[in-house]
Amino acid sequence: MSGSGRPLLEVKNLTRVLPLEVPVTLVKDVSLSIDPGQFISITGPSGSGKSSLLYLLGLLDRPTEGEIIIDGLETSKLSGRKLSSIRLGRLGFVFQFHFLLAEFTILDNVMIPMRKLGKWPENEQEGRAVSLLKDLGLGDHLHKVPSQLSGGQRQRVAIARAVSNEPLVILADEPTGNLDTKNSKIVHDIFRDLVDKKKTTVVMVTHDLDLASKTDRRIHLVDGKIASGN
Amino acid sequence: MTTSNLLFDIALTHLYGRARQTIISILGVALGVGFFIAMAAMMVGFQRFFTQKIIDVSPHIVMEDEYRERPRQPVSWFFGHEGTVISLQGVKPKEEIRGIKNAEKIVDVLRQTPGMNISPTLEGQIFYRYGSTDVSSTLKGIEPKSEKKITKIEEDIVSGNLDDLLTHSYGVILGSGLADDLNAEVGDTLTGISVAGIIKKMKVVGIFHTGITELDKSVSYSLLKDVQVLQNRSNVVNSIRFSLADPNKAEEIAKQIEEKYKYKTVSWQEANEGILSVFVIQDTVRYATTGAILLVACFGIFNIISTVINEKARDIAILKSMGFTESDIQKIFVFQGILIGVVGMVIGWWLGYMLSIAMGSIRIKMEAIITTEHLYIVYDIMHYVYGGIACMVAATVAAWLPARKAALMRPVDIIRGAAG
Ligand SMILES: Nc1ncnc2c1ncn2[C@@H]1O[C@H](COP(=O)(O)OP(=O)(O)OP(=O)(O)O)[C@@H](O)[C@H]1O
Ligand SMILES: [Mg+2]
């Protein structure tokens, strides 16, 4: 696995331009190196390109120029199928909206990535999902559907789903954007725990400067460029 | 395997969520398949019955005492074809004595062909008078022995006996419709008046019923030599009829015979060209109607899957960002189409089968081209196979189109739009 000096995530001269009639530059010449086991926040004014950068790091969008190296793998020339398999096994996403499947129970939602990856035998998957949910204080809600939960609870389910395949990196885009202070703190503490106990890397976009100040490293974006934090 | 199960689970929840629309789509498919099977059972049943009847009651090939092209008049040999400037009016056609020359020789030669049965016939118009009723009929002079080998007329005789023609002088066998019109029964004696002006007492020795109304109303049979006397044409025949071991070869063999003997020789297919082309039209209408129903069913499937995809755009986005591939996403929605198709197909099979049984049990009296008391229904596994294939192809295509669109959806576009 990763470790021993090599960065987990490396970005070189990353640029993303939308090829519209008037081209829009989302991310401009960003270079970054992220070590394993770090809790990183990305801040910046609205429209500064935080989400765009996160989508690029998460291989959901392809750069116009530059390289993204994840766990030693250069990704810019890989097929869509290969990128999907990297996302499945090594990345986890949490967005502002929970994106839970409405017809599936909490437990089934968390099991989806495990069933897709198949890294754990089928008879262990449910037990793993249950213990993940219990750890996040959702042990009483396993068989409820998302609409029966509060906003904060749903976001915790989304986190449980994101970590179910034990990804190397969690990419979170304003995960507390819809939550009150109390729930924001809960989510933040969960991430902190993942970083400290599981050595997961968390990259979190946030507007909450209070939360950002508690991360290991803050990257500040302005107009698609890194203004500080490198 | 696990992935397929997972994709199938997701596909199912989408259909559960739109149960009513799903059921309507399934019924649409079922209706298309069921209708196709029922129509095929009835129409193909009718066609097979009819074709079989033609093959049974009429000869496979008939040689007639005429040529395909009328001999041209001498004037046209000099001045080109008819329709040119010069044409001679009022030329009487030479009164040829019609009939096949050398009929006996032709019969003797062709009788050598294996599998071929031959019967020379003289056919002419006759009037029957019984009581105060006059009815005209086409009287066919036959030889019972060879006739039995040519047609299944013997099976159609409902009273009397074909061989009784041999034991009665001027015996006659009437079509059932003809007998009804004359009000005559077996044993009655009619007066026959031929177009040659010869009058004979004729005894009804049999009545036949083929089910083909036109035949039953107009045709009667006597011995060839009796008809030759009635028509005042001894030793003349005006048609030679053939039956073959394989009726499907009739067209080819008719052509060979005509080339050799020049007389117009017509296969059963050519003789029934009109009705056979009606079958083609019938089949076209049947396929078009079924196609239209399936097309509507396709729209139903296309519609429900497109709706689901729009509704579940966020699910698709998160599944793709989680690591589901384009083909995974496509499978979810193609599964749905296939599922609707399979369930619709099975219900359609059942529906088609039930409709066939129902139609087969209806008692109707019909006296049109054919006379029958019920519909002829065929149960042909191929109808079910074709219906099934058409339905599955249609359902898969109808699902594949929106599924492709879903697979190509970019998660970023949806995630950006779903901040709230
Ligand atoms: N499809 C698009 N067409 C045009 N402009 C776009 C498109 N997508 C993004 N942009 C622009 O690119 C810039 C960067 O957007 P991005 O969503 O990355 O910003 P952000 O830092 O995440 O903002 P916020 O804090 O409001 O979420 C913005 O100015 C945005 O308007
Ligand atoms: Mg953003």
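Computed from the coordinates by the stated procedures, all read-outs in this text should not be read as laboratory data. All values derive from a computational prediction rather than experimental measurement. When we count neighbours, we look across all protein chains shown, and the Cβ atoms used for this are built from the backbone with ideal geometry, even at glycine.
Key figures for this structure:
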| quantity | calculated |
| --- | --- |
| Label-to-label distance, nm, for residues given as B:Asp9 and B:Glu154 (7 Å Cα→Cβ offset) | 7.3 |
| Computed helical MRE - 222 nm, chain B, DSSP H runs ≥ 4 contributing -39500 (n - 2.57), nearest 500 | -18500 deg cm²/dmol |
| Top of A:Asp173, A:Asp71, A:Asp196 by mean-square fluctuation, Gaussian network on chain A, Cα under 10 Å | A:Asp196 |
| Cα gyration tensor, the range B:279-420 - rounded (a/c under 1.5), prolate or oblate | prolate |
| Partner lysines for B:Lys260 [C-alpha distance under 26 Å; skip if fewer than 8 residues away on the same chain] | B:Lys94, B:Lys101, B:Lys105, B:Lys140, B:Lys149, B:Lys249 |
| DSSP bridge pairs, chain A: antiparallel proportion in percent, nearest 5 | 50 |
| Local net charge near B:Thr325, Cβ-Cβ under 11 Å (Lys/Arg +1, Asp/Glu -1) | +4 |
| Chain B: DSSP helices with Cα axial extent of at least 24 Å and average Kyte-Doolittle hydropathy no lower than 0.5 | B:19-57, B:273-311, B:326-361, B:381-408 |
| Per-residue mean of C-beta atoms belonging to partner chains within 10 Å, peptide B:3-10 | 3 |
| Test item: A:88-101 mean partner chain Cβ contacts at 10 Å | 5 |
| Residue-averaged beta-carbon neighbours from other chains (10 angstrom radius) around B:311-318 | 4 |
| Gyration tensor verdict on the range A:1-159 (Cα atoms; rounded if a/c is under 1.5, prolate if a/b is larger than b/c, oblate otherwise) | prolate |
| Rel. contact order, % - alpha carbon contacts under 8 angstrom, at least six apart, the range A:95-208 | 31 |
| Relative contact order %, the range B:99-237, counting alpha carbon pairs below 8 Å whose residues are six or more apart | 31 |
| Length released on extending from A:Lys199 to A:Asp35, taking residue separation times 0.36 nm less the Cα-Cα span | 58.0 nm |
| Spin-label model distance (nm) - B:Lys105 vs B:Thr189, 7 Å beyond Cα toward Cβ | 4.3 |
| Calculated SAXS-style log₁₀ I(q)/I(0) at q = 0.12, 0.24 Å⁻¹ - the range B:92-184, Debye, Cα scatterers | -0.53, -1.32 |
| Within chain A, helix-based [θ] at 222 nm, where runs of 4 or more DSSP H residues each add -39,500 (n - 2.57), nearest 500 | -11000 deg cm²/dmol |
| Cα extents of the protein assembly as shown along the three principal axes, largest first (Å) | 127, 63, 41 |
| Mean Cα-pair separation over length for chain B, i.e. relative contact order, pairs under 8 Å, 6 or more apart, % | 27 |
| Charge sum, other residues only, whose C-beta stays under 12 Å from B:Lys200's C-beta, Lys/Arg counted +1 and Asp/Glu -1 | +2 |
| Fraction of beta bridges assigned by DSSP in the protein assembly as shown that are antiparallel (%, nearest 5) | 65 |
| Simple spin-label estimate for B:Thr284 and A:Ser76 in nanometres, 7 Å along Cα-Cβ | 6.2 |
| Residues A:Ile68, B:Ile304 arranged by fewest to most Cβ contacts within 10 Å | A:Ile68, B:Ile304 |
| Most to least packed among B:193-206, A:18-31 [average Cβ atoms within 10 Å] | B:193-206, A:18-31 |
| B:Trp350/B:Ile198 FRET efficiency (R0 56 Å; Cβ-Cβ; nearest 0.05) | 0.30 |
| Charge tally in the Cβ shell below 15 Å around B:Gly360, where Lys, Arg are +1 and Asp, Glu are -1, B:Gly360 excluded | 0 |
| Dipole moment magnitude, nearest 20 debye, the range B:99-237 about Cα centre, only Lys, Arg, Asp, Glu C-beta charged | 600 |
